[in-house]
Amino acid sequence: MSPSPKTKVAPELEFGNAWEYAAAPESVKVEIADKYGMFINGAFVAPKSRRYMDSINPANEELLSKIAVANEDDVDRAVAAAKAAFPKWKKLKASERAKYLFRIARRLQERAREFSVLETLDGGKPIKESRDVDIPEAAKHFFYHAGWADKLDYAFPGRKGRPLGVCAQIIPWNFPLLMAAWKIAPALACGNTVVLKPAETTSLTALRLAEIFEEVGLPPGVVNIITGAGETGAALVAHKDVQKVAFTGSTPVGKAIAKQCAGSGKRLTLELGGKSPNIIFEDASLDQAVDGIVQGIFFNQGHVCCAGSRLFVQEGVMQEVLAKLEVRIQSLRVGDPMDKNTDLGAINSLGQLATIKRYIEAGDAEGATRHQSSAKLPKRGYYLPPTWFTGVQPSHTIAREEIFGPVLSVMSFRTPEEAISRANNTPYGLAAGIWTDKGSKIFDIASRLKAGVVWCNTYNRFDAASPFGGFKQSGFGREGGRQGLLSYLELV
Ligand code: ADP
């Protein structure tokens, strides 16, 4: 069986650099096979389980493909391949490892339009986000870590960094290819081998990345991609030959994985949920702040672990901020993710749509005031209008729990002290935003917010060189930057 058809892309649509494709129209046709196996030991293979699951386009509810569901035998086969590939990969000259990473990055750029379209079809995110953020950032992560591969001795002077072995990497559905890049690139740069499991609703770009591994001649077994849902993930975490588990996803699953790994000697990093505060002070540039707030919560339909889902506005500017917020939200275009003008695409799955609706109902039931954009939604597909609540109390469910959807809770504060205590009043600690004209205030407040990333007068800015990760129930370990390498090395 050969479940991976070679992708056909018209030659004139293949571009040599990442910037050119942005100007071209989104007319690229991407071929999707009826059925996908898994990528193990350098080849696409059918699952021993003989089971497949549906992959649905959330924008129109049509079946895109059938994806293999790996069972314990399949997991075992993938881990065995990664284990067998490890000794050679680890010993390969670091500059040679770097070359593979450079080639992957380059090939991703060249096939960027195809990957963007596939990401949007599979996950429902607006094409402008796949095109301008997800795919270029994924390529950047490979470039960035290619640069580290032969410089690890300089990253940790006086210490020697040794690779850990087989890394089990489990990723979520909100940034499928980008999360794969965040995980695979540092692991390979440090000399580890990988078994990656994408989320069940968004496996297609990870499987296509495997085509790139074939194209660049990555040695078989160095990266293996297995697909499936929670059971597959749990079997992977449990495998005795896995030395390191890297997980990004929900806090409940992260806790279950932490329990599973406890006492096993496996290294673990967790990047989990968030309920991030965005704080607007009276002295902020309000137009800029409102733009940042909107971007902070509605980017990728709010399917962002660091989404600025709790807005704190200083009382004196509350009315002005609310008025501007309403105008700005009403101007957002909601609908077909393949339309380049779309701001909010489809909710990733029917299950997630139901979850978000439950939170909205809880907001109503607990006495907050609901506001929604009057945007007309498509008849088919999983859509929600951008939603914001006023009159929210810190005790309300919508102010406490991660919704992972386009829902903003607006609250007020009087003094900076109150802003800080309210912002920190959460079990999470992933990100935060501050909007003010005063530099001294920025430094003071940023240092007192318990959050892995604090953005000032901006939001949702990422860079491969900048470490990302949380405190408290948002997890531990960092991804990106020099600190991110520590997750994949043993320092001796
Ligand atoms: P969400 O609830 O937002 O879908 P999850 O945390 O359930 O997020 O999913 C994130 C990733 O974790 C997915 O790849 C999913 O298949 C995987 N997963 C779910 N349950 C488990 C589990 N018990 N062990 C390992 N991986 C899991």
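Some observations on this one:
- If you filter the stretch 238-255 down to residues that are outside any loop (DSSP other than H, G, I, E, B) and farther than 24 Å from residue 484 by Cβ, you find that the one that is farthest from the ligand (Cβ to nearest atom) is 238.
- Note on the stretch 130-224: enclosed helices (runs of 4 or more DSSP H) holding 3 or more residues that are surrounded by 24 or more Cβ atoms within 10 Å (Cβ to Cβ) are 135-149, 176-189, 204-215.
- Sole exception among (1) within 11 Å of the ligand (Cβ to nearest atom); (2) open to solvent by less than 10 Å² (accessible area, probe 1.4 Å); (3) among the small types (Gly, Ala, Ser) for residue 235, by number: (2)
- Candidates 256, 246, filtered to the one that is open to solvent by 10 Å² or more (accessible area, probe 1.4 Å), over 28 Å from residue 318 (Cα atoms) and small (Gly, Ala, Ser): 256
- For first residues located in the stretch 185-207 and within 16 Å of the ligand (Cβ to nearest atom), partners that are open to solvent by less than 10 Å² (accessible area, probe 1.4 Å) and among the charged types (D, E, K, R) and lie 6+ apart or on another chain with Cβ distances below 6 Å form the pairs 202/122; 204/122; 205/119.
- Here the stretch 347-377 is the region considered, the condition is being touching a residue at least 24 places away in the same chain (Cβ under 8 Å), among the aliphatic types (A, V, I, L, M) and within 13 Å of the ligand (Cβ to nearest atom), and the residue that is most open to solvent (accessible area, probe 1.4 Å) is 350.
- The condition of being open to solvent by 10 Å² or more (accessible area, probe 1.4 Å), over 22 Å from the mean Cα position of the chain (by Cα) and among the polar types (S, T, N, Q) holds for only one of 458, 397, that being 397.
- Pairing each residue of the stretch 161-180 that is more than 10 Å from the ligand (Cβ to nearest atom) with any residue that is part of a helix (DSSP H, G or I) and of a type in the set (Lys, Arg), provided the two are 6+ apart or on different chains, yields C-beta distances under 7 Å for 163/90; 166/83.
- Filter result (within 19 Å of residue 413 (Cα to Cα) and acidic (Asp, Glu)) within the stretch 429-477: 437, 444
- When restricted to residues that are in contact with a strand residue (DSSP E or B) (Cβ under 9 Å, 6 or more places away or on another chain) and part of a loop (DSSP other than H, G, I, E, B), the stretch 426-445 contains 4.
- From the options 389, 312, residue that is without any contact (Cβ under 8 Å) to a residue 60 or more places away in the chain, touching a helix residue (DSSP H, G or I) at 6+ places or on another chain (Cβ under 6 Å), assigned to a strand (DSSP E or B) and of a type outside the set (Ser, Thr, Tyr): 389
- Scanning the stretch 378-408 for residues that are within 16 Å of the ligand (Cβ to nearest atom) and among the aromatic types (Phe, Trp, Tyr) yields 382, 404.
- Residue match in the stretch 85-98 (condition: polar (S, T, N, Q), in contact with a helix residue (DSSP H, G or I) (Cβ under 9 Å, 6 or more places away or on another chain) and either assigned to a loop (DSSP other than H, G, I, E, B) or within 30 Å of residue 148 (Cβ to Cβ) (or both)): yes
- Restricting 326, 271 to residues that are away from the ligand (no atom under 16 Å from the Cβ) and among the charged types (D, E, K, R) narrows the list to 326.
- Test for residue 344: is it closer than 18 Å to residue 173 by Cβ, at pLDDT 95 or above and surrounded by fewer than 16 Cβ atoms within 10 Å (Cβ to Cβ): no
- Within the stretch 315-341, tally of residues that are open to solvent by 40 Å² or more (accessible area, probe 1.4 Å), of a type in the set (A, V, I, L, M) and not in a helix (DSSP H, G or I): 1
- Residue among 425, 460 that alone is at pLDDT 95 or above, closer than 16 Å to residue 273 by Cα and either touching a helix residue (DSSP H, G or I) at 6+ places or on another chain (Cβ under 6 Å) or of a type in the set (D, E, K, R) (or both): 460
The values are calculated or read from the model by the stated rules, or taken from the named source; none is laboratory data. Fair warning: this is a prediction, and the values are worked out from it, not measured in the lab. FYI the Cβ positions are ideal-geometry reconstructions off the backbone, even for glycines, and counts take in every protein chain you see. The area values use the complete protein model at the heavy-atom level, side chains included, leaving out ligands, DNA and RNA. Shrake-Rupley method; radii C 1.70, N 1.55, O 1.52, S 1.80 Å.
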